[in-house]
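Q: My structure is below; once you've seen it, I'll send some questions.
The values are calculated or read from the model by the stated rules, or taken from the named source; none is laboratory data. This structure is a prediction, so every number in the text was calculated from the model and none was measured. Don't worry about glycine lacking a Cβ; one is built from the backbone with ideal geometry, like all the others, and counts go over all protein chains shown.
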Amino acid sequence: MQIIGIILIGFLVGLVARWIGPGPHIYGFWITVLIGIVGSVIATYGGQALGLYRAGRPAGFIGSVVGAIVLLALVRLFGH
């Protein structure tokens, strides 16, 4: 059940990252949301593995947003 919650949060994070991410949006809506989900999953499990935050904390959502924005920026940078 936790992975479903992470995916739903990743969907929202993808939307937020698309909204606040700098530069033109070269990928479609669903690709951007998928990248947001992947960034959210990576940031969630990575942050917990590094001991930065525990599951269910607000810092996890912030970390997910940052992870999604970073992943979107990397895809834009290396995706051309």
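Q: Mind listing whichever residues of region 40-62 are modelled with pLDDT of 80 or more, closer than 17 Å to I7 by Cα and of a type in the set (G, A, S)?
A: A43, G46, G47
Q: Looking only at residues in region 40-79 that are without any contact (Cβ under 8 Å) to a residue 24 or more places away in the chain and under 22 Å from Y27 (Cβ atoms), which one is surrounded by the most Cβ atoms within 10 Å (Cβ to Cβ)?
A: The qualifying residue surrounded by the most Cβ atoms within 10 Å (Cβ to Cβ) is V66.
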